[in-house]
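Nothing in this text is a laboratory measurement; each read-out follows from the coordinates by a stated rule. None of these values were measured; they are calculated from a predicted model. Neighbour counts run over all protein chains shown; Cβ positions are idealised from the backbone, glycine included.
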Amino acid sequence: MARDPEGLKSAAQLIKERTGKVPLWISADVSHKQEAENAVETAVDGLGGLDILVNNAGTSAARPFHEVDTADWTADLDLKLFAAVHFSKFALPYLCQAQGGGAIVNVTSVGGKSPGASSLPTSVSRAAGLALTKAMSKDLAGDGIRVNAVCIGLIHSAQIERKWKSVAPELSWEEFARDPRHGIPLGRIGEAQEAANAIAFLVSQAASYITGTAVNIDGGLSAAL
């Protein structure tokens, strides 16, 4: 699910070529409540139910406090906090029906645990996502729904590639990923598959007794537990 239908079509075609499976893709702006509701209903109609929900909307929005205006705060909270609230609310009736219990994972960032200077508004939105995760985990446990979060550090993505080409175009990707200036204890930027592996574990029955926690996927970068 994303806003760009052409990008979704390309991703769906790639998945089909690699797996032989035809994925269901949905174009939606998740910051709009009505589009969130429509997306959940489309997913349920297409898949016959809903077992897991991964709330993973976000952009890089990090500036000093005095440079962030009201519109910036509203847009960031709509995208990173209220999108998760709306999707969880609309998905809840179906997750309650999931065999063995449903699972929700909220994707946040390590900045939500330890905000740095000039990290607004995104660090505040991500911190709110962590509080949402903990509160939801307690409220929904009785329905058999587990709610966890992952806190992403530096992970190979289009955003990180843009940064690489902007600040260090003379380096190969491998050199940039292992640049010690990133300060990552494991010595490299992570791969998207590594984040996906952690999320897949949290929504699986292998994590059936885990709820209300936030797992760092950051190569040891964050100082916060």
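Got a sec to turn the phi values of the stretch 209-216 into Karplus ³J(HN,Hα) couplings, 6.51 cos²θ - 1.76 cosθ + 1.60 with θ = phi - 60°, whole Hz, x for Gly and Pro?
Taking θ as phi minus 60°, the curve returns 10, 10, 8, x, 10, 10, 9, 6 Hz for the stretch 209-216.
For the chain, what does the helix formula give at 222 nm: sum of -39500 (n - 2.57) over DSSP H segments with n ≥ 4, over the residue count, nearest 500 deg cm²/dmol?
Working: 8 runs with 97 residues, N = 225.
For the chain, the value works out to -13500 deg cm²/dmol.
Just to be sure I understand the rule: take each whole DSSP H helix in the chain, project its Cα atoms onto its long axis, keep it if the span is 24 Å or more and its mean Kyte-Doolittle hydropathy is at least 0.0. Which ones pass?
Details: long enough: 122-140 (26 Å, 0.25).
Result, helices passing both filters: 122-140.
Given Cα pairs under 8 Å that are at least 6 residues apart, what percent is the relative contact order of the stretch 174-225?
Numbers: 30 pairs, mean separation 21.9, N = 52.
It rounds to 42 percent for the stretch 174-225.
Suppose every Lys and Arg Cβ carries +1 and every Asp and Glu Cβ carries -1, with no other charges. What dipole size does the chain come out with about its Cα centre, to the nearest 20 debye? Kindly include the intermediate steps, with their values, before the conclusion.
Values: 20 positive and 24 negative charges, 88 e Å.
Taking the Cα centre of the chain as origin, the dipole is about 420 debye.
Would you please classify the overall shape of the stretch 1-48 from the alpha carbon gyration tensor, given that a ≥ b ≥ c denote the square roots of the eigenvalues, rounded means a/c under 1.5, and beyond that prolate means a/b larger than b/c while oblate covers the rest? Display every interim value, and only then the final one.
Numbers: a/c = 4.41, a/b = 1.56, b/c = 2.83.
Because a/c hits 1.5 or more and a/b fails to exceed b/c, the stretch 1-48 counts as oblate.
At what distance in angstrom do the alpha carbon centres of the stretch 113-185 and the stretch 57-100 lie from each other?
14
Quick one: go through the stretch 58-96 and flag any residue whose amide nitrogen is under 13 Å from the point 7 Å out along the Cα-to-Cβ line of residue 166.
60-63
What longest region of the chain stays clear of GluC sites (Glu not before Pro) that DSSP places outside H, G, I, E and B and that have at most 16 other Cβ atoms within 10 Å? Present the calculation step by step, with values, prior to reporting the outcome.
Values: sites that count: 170, 191.
Counting at most 16 other Cβ atoms within 10 Å as exposed, the longest clean stretch of the chain is 1-169.
What Kirkwood radius, in Å to one decimal, follows from the Cα pairs of the chain?
Details: mean 1/r = 0.0535 Å⁻¹.
Roughly 18.7 Å, rounded to one decimal.
Charges at C-beta only: +1 for Lys and Arg, -1 for Asp and Glu. How large is the resulting dipole of the stretch 42-120 about its Cα centre, in Debye rounded to 20? Before the final figure, lay out each step's value.
Working: 4 positive and 7 negative charges, 48 e Å.
For this selection, approximately 240 debye.
Along the charge dipole of the stretch 89-151, which of 144, 133, 97 sits closest to the positive end, that is, farthest toward it, with unit charges on the beta carbon of Lys, Arg, Asp and Glu (+1, +1, -1, -1)?
Checked the options; the winner is 133.
Among bridges DSSP assigns within the chain, what percent are antiparallel (round to 5)?
Working: 2 of 19 bridges.
Roughly 10 percent of the DSSP beta bridges within the chain come out antiparallel.
Putting +1 on Lys and Arg Cβ atoms and -1 on Asp and Glu Cβ atoms, find which of 169, 222, 197 reaches farthest to the positive end of the dipole of the stretch 99-225.
So the residue furthest toward the plus end is 222.
Within a 10 angstrom radius of the beta carbon, how do 1, 136 rank from fewest other beta carbons to most?
Details: 1 18, 136 23.
Neighbour counts put them in this order, fewest first: 1, 136.
Are there any trypsin sites (Lys or Arg not before Pro) in the stretch 1-51 that are in a DSSP loop and have at most 13 other Cβ atoms within 10 Å? List them by number.
Working: sites: 3, 9, 16, 18, 21, 33; in loops: 3, 21.
Filter output for the stretch 1-51: 3, 21.
Calculated FRET efficiency, residue 71 and residue 143, Cβ-Cβ r, R0 41 Å, to nearest 0.05?
Numbers: r = 36 Å, r/R0 = 0.89.
Computed FRET efficiency for residue 71 and residue 143 comes out at 0.65.
Loop-only check: which chymotrypsin sites (Phe, Trp or Tyr not before Pro) in the stretch 155-225 are DSSP coil with at most 16 other Cβ within 10 angstrom? Provide the component values of the computation, followed by the final result.
On the way: sites: 164, 173, 176, 201, 209; in loops: 209.
Listed in order of number, the matching sites are 209.
Restricting to Cα pairs below 8 Å that are 6+ residues apart, what does the relative contact order work out to for the chain? Please round to a whole percent. Display every interim value, and only then the final one.
Working: 348 pairs, mean separation 41.0, N = 225.
Computed value for the chain: 18 percent relative contact order.
When averaged across all projection directions, what area in nm² does the alpha-carbon convex hull of the stretch 67-165 cover? It would help to have the intermediate numbers written out before the result.
Values: hull surface 30.9 nm².
So the Cα hull casts an average projection of 7.7 nm².
Within the stretch 140-169, which residues have the backbone N less than 11 Å from the label spot 7 Å out from residue 194 along Cα→beta-carbon, could you tell me?
Residues 153-156 fall inside that zone.
What pairs from 113/138; 33/138; 138/163; 9/138; 134/165 go past 28 Å between their alpha carbons? Provide the component values of the computation, followed by the final result.
Values: 113/138 20 Å; 33/138 24 Å; 138/163 38 Å; 9/138 38 Å; 134/165 37 Å.
Where the Cα-Cα span goes over 28 Å, the pairs concerned are 138/163; 9/138; 134/165.
Within 14 Å, Cβ to Cβ, of residue 2, how many net charges do the neighbouring residues add up to if Lys/Arg are +1 and Asp/Glu are -1? Spell out each step's value before the answer.
Working: positive: 3, 9; negative: 4, 6, 29, 35.
Result for the neighbourhood of residue 2: -2.
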